[in-house]
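Here the structure is laid out as structure tokens; the discussion comes afterwards.
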Amino acid sequence: LAQVVNCAQAIAAVTDVNGKTWGTGFLVRGNVLNDAWGDGIYVVTNSHVLSCPAWEKEYTRSPLNPQTARIVLQAAGGDALELEPHAAFLSQPGRYDVAVVKVKNPPAALKTLSFFPHDKELTVEDPEKLATTTPSTVSIIGCPLGGPLSLSVVGQIEGANGVLVDIGGRDATDDDPVYLHYRAPTQKGNSGSPVFDTQTWTVVALHHEGFSEFNG
């Protein structure tokens, strides 16, 4: 539980100027993504949550503009922080659905998240080998339905045991972009949430969208 609370301090509601939540984002140091970005603080979220006006035709609902968006760290004081006016990186929803935007004038000692270690491997669920193979468990912290930060839990909180079921393209013919598919409860508003490996509590993915369990 202490690890969950610690991680939550680096996770933000992405809001408009009126305080309405459009999605979730999380804080990282720039140099973990790009050496040229130094140790500045950046928010990572979906580009369908936070993007630029020129891309509005790409979306069913116009995303927020960095110039007017705010990020609110509910577990770390609740202040609404402003962003730089232009994204450092954008990728369309049909690709990686990523937006990375630098935080303007961040306060000192902000928490940031770490990524899954390169020397470790994730394991997907294999129904035929459940007796001998343990799949990686995952959990998501975000703002479902625009509400307060919540942890996705399957069963007891000690397990937080969403399960990684596949790594790959959207279908058998796709090899790029690569998606992680997992079973974990999410809602609208979880867009842009960090997906954690629960063994290390490091980030393994950026949540894109959910599908009904009865939807294939």
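The values are calculated or read from the model by the stated rules, or taken from the named source; none is laboratory data. Keep in mind that this is a model prediction, so the values were computed, not measured. Methodologically, a virtual Cβ is constructed for each residue, glycine included, from the backbone with ideal geometry; neighbour enumeration extends over all protein chains shown. SASA here: full protein model, heavy atoms, side chains in, ligands and nucleic acids out. Shrake-Rupley method; radii C 1.70, N 1.55, O 1.52, S 1.80 Å.
Remark: pairs (first residue in segment 131-156, at positive phi and at pLDDT below 90; second residue surrounded by fewer than 23 Cβ atoms within 10 Å (Cβ to Cβ) and outside any helix (DSSP H, G or I); Cβ separation under 6 Å; 6+ apart in sequence or on different chains) = Gly155/Asn161. For segment 123-140, the candidate set comprises residues that are surrounded by fewer than 16 Cβ atoms within 10 Å (Cβ to Cβ) and among the aliphatic types (A, V, I, L, M); within that set, the residue that is nearest to Glu84 (Cα to Cα) is Leu130.
Every condition in (1) surrounded by 16 or more Cβ atoms within 10 Å (Cβ to Cβ); (2) among the aliphatic types (A, V, I, L, M); (3) modelled with pLDDT under 85 holds for Val178 except the one numbered (1). The residues on offer are Glu125, Glu84, Glu121, and the sole one that is of a type in the set (D, E, K, R), within 20 Å of the chain's Cα centre (by Cα) and within 23 Å of Val178 (Cβ to Cβ) is Glu121. Only one entry of Pro53, Pro107, Pro63, Pro93 meets the criterion of being open to solvent by 70 Å² or more (accessible area, probe 1.4 Å) and modelled with pLDDT under 95, and that entry is Pro53. For segment 81-105, a residue qualifies if it is outside any loop (DSSP other than H, G, I, E, B) and touching a Ser or Thr at 6+ places or on another chain (Cβ under 7 Å), and the qualifying residues are Leu90, Ser91, Val98, Ala99.
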